[in-house]
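K.L.:
Shown below is the structure under consideration.
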Amino acid sequence: MSNRNHHLINAYRQLSRQADHYVLATIIETFGSTYQKAGARMLISETGELQGLLGGGCFERDLFEQARSVFETGRAKTVSYDMRAPDDVIWGLGLGCNGAVKILLQHLKAEDDYFPLNCLADIAETGASGILVSVFESSHTNFPVGLNQFLPASITDEPVGDDPFSATASPSVLQQKPHIETHVISGQTIKAFYEPLTPPWHLLILGAGPDAAPLVQCAKALGWRVTLADHRPGFLQHARFPEADRLLHCHPEDIHNETALNQFNALVLMTHNIEYDLRYLKSLADSVIPIIGLLGPGHRRDKLLQSLGDRSSRIASRVFGPVGLDIGAQTPEEIALSIMAGIHADLNGRTGLQLSRKISTADNHECCL
């Protein structure tokens, strides 16, 4: 899941207080250049309110019209949009996006706790993971179109009876991209969309100075969970960081006792004190956090690593200093943007170059940008 479903998690927390019905639109397959890829979702209300985007505005208007029949019948259906042909003006848009998408529309009801949105929220809260299976084509009465099944990671290696989904969802599937599987049961064909769901990325910020606030806000806007730690209790005021998921008062030497360090996908050291940065780094040496970001110039990073002695070899390859992309950032807000952009690029295995400078754009989401 990484962080792309955070808008749905926020929406679910509001929906749970209401008694309305919604349609969940999920991209299950793409071809060519598209605005979003398989697994992207959008929520559609009966009045046409949209939460999320699947086509950057390319086909959302028609998608709402398609959703009307789902509201009326309660039955899921699959729709396709092909913008690869030059005559795509059939949509009245002349998009020229050179891509195609297949989208599953499913009816969500309050009495079902808006399943599977509740699964997304539970994963975000508990840190669990699993696989969401959605049937989009079927001639089997026991596995109708629109059927959702969530398989927790804890049971994916133990097939359940004649259930074809649990037998297919091995632990290795959690490491894969969303994909389609075809099953044949008693001569009946079932096509299902498998999507690994994992918790949102989690950022640890060490240092609660004024410049930490924009970083918290930027990370939260991107759907991250954020823990903010500082040795100064007076700095850890909820009023200063209302969006942080956790405020943690601890000294550098105690950080590994106060929180499970390996739950974090990245951390940023911003105490603005080289002594405290060093003390934190010593406590972090045995962690496996993929990205350890430092503020300040490269020689400051080198000095800190040298001060770690032999322990520096444990984390040197994961230390980014200065952290972030070179975008000419000057203000705290720009620096926060630079930091989060750099972290995202590294976690996604990207370089952070301009998309137009990439040699191959076959995998880019350049449509409608």
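K.L.:
Relative contact order (percent) for the chain, with alpha-carbon contacts under 8 angstrom and 6 or more residues of separation?
P.N.:
Reported relative contact order: 14 percent.
K.L.:
To test your reading of the geometry: what angle, between 0 and 90 degrees and rounded to tens, separates the Cα axis of helix 6-15 from the longest principal axis of the chain?
P.N.:
70 degrees
K.L.:
What's the angle, to the nearest 10 degrees (0 to 90), between helix 60-73's Cα axis and the longest principal axis of the chain?
P.N.:
Helix 60-73 sits at roughly 60 degrees to that axis.
K.L.:
Here is a further query. Which of 347, 8 comes first, and how do the rest follow, when ranked by fewest Cβ neighbours within 10 Å?
P.N.:
Listing 347, 8 from fewest to most nearby Cβ atoms yields 347, 8.
K.L.:
Further, regarding this structure: Taking every pair of Cα atoms in the stretch 171-313, average 1/r, invert it to obtain the Kirkwood radius, and report Rg/Rh to two decimals.
P.N.:
Answer for the stretch 171-313: 1.15.
K.L.:
A further question follows. Hey, fewest Cβ within 10 Å first, where do 191, 177 land in order?
P.N.:
177, 191
K.L.:
Sticking with this structure for a sec: State, to one decimal in nm, how far the label point of residue 238 lies from the label point of residue 188, with both points 7 Å from Cα in the Cβ direction.
P.N.:
5.2 nm
K.L.:
Let me ask you something else. Report the Cα centroid-to-centroid distance between the stretch 100-135 and the stretch 189-218 in angstrom, as an integer.
P.N.:
Result: 17 Å between the Cα centres.
K.L.:
Using alpha carbon centroids, what distance separates the stretch 325-354 and the stretch 255-279, in Å?
P.N.:
Cα centroid of the stretch 325-354 versus Cα centroid of the stretch 255-279: 20 Å apart.
K.L.:
So what's the back-of-envelope 222 nm ellipticity for the chain, counting only DSSP H runs of four-plus at -39500 (n - 2.57) apiece and dividing by all residues, rounded to 500?
P.N.:
Computed mean residue ellipticity for the chain: -7000 deg cm²/dmol.
K.L.:
At 0.36 nm per residue, minus the direct Cα-Cα distance, what do residue 65 and residue 285 gain on full extension? Give it in nm, one decimal, please.
P.N.:
In short, 73.7 nm is gained.
K.L.:
Calculated FRET efficiency, residue 348 and residue 137, Cβ-Cβ r, R0 30 Å, to nearest 0.05?
P.N.:
Once rounded, the FRET efficiency stands at 0.45.
K.L.:
Using only Cα atoms, find the angle between the long axis of helix 117-126 and the longest principal axis of the chain, and express it within 0 to 90 degrees, rounded to the nearest 10.
P.N.:
The two axes meet at around 20 degrees.
K.L.:
For a quick check: sort 215, 294 by the number of other beta carbons within 10 angstrom, fewest at the front.
P.N.:
Exposure proxy ranking, most exposed first: 294, 215.
Just so you know, all these numbers are worked out from the coordinates, no wet-lab data involved. Predicted model, so just to flag it, every value in this text is computed and none were measured. Using ideal geometry, Cβ is built from the backbone for each residue, glycine included, and neighbour counts are taken over all protein chains shown.
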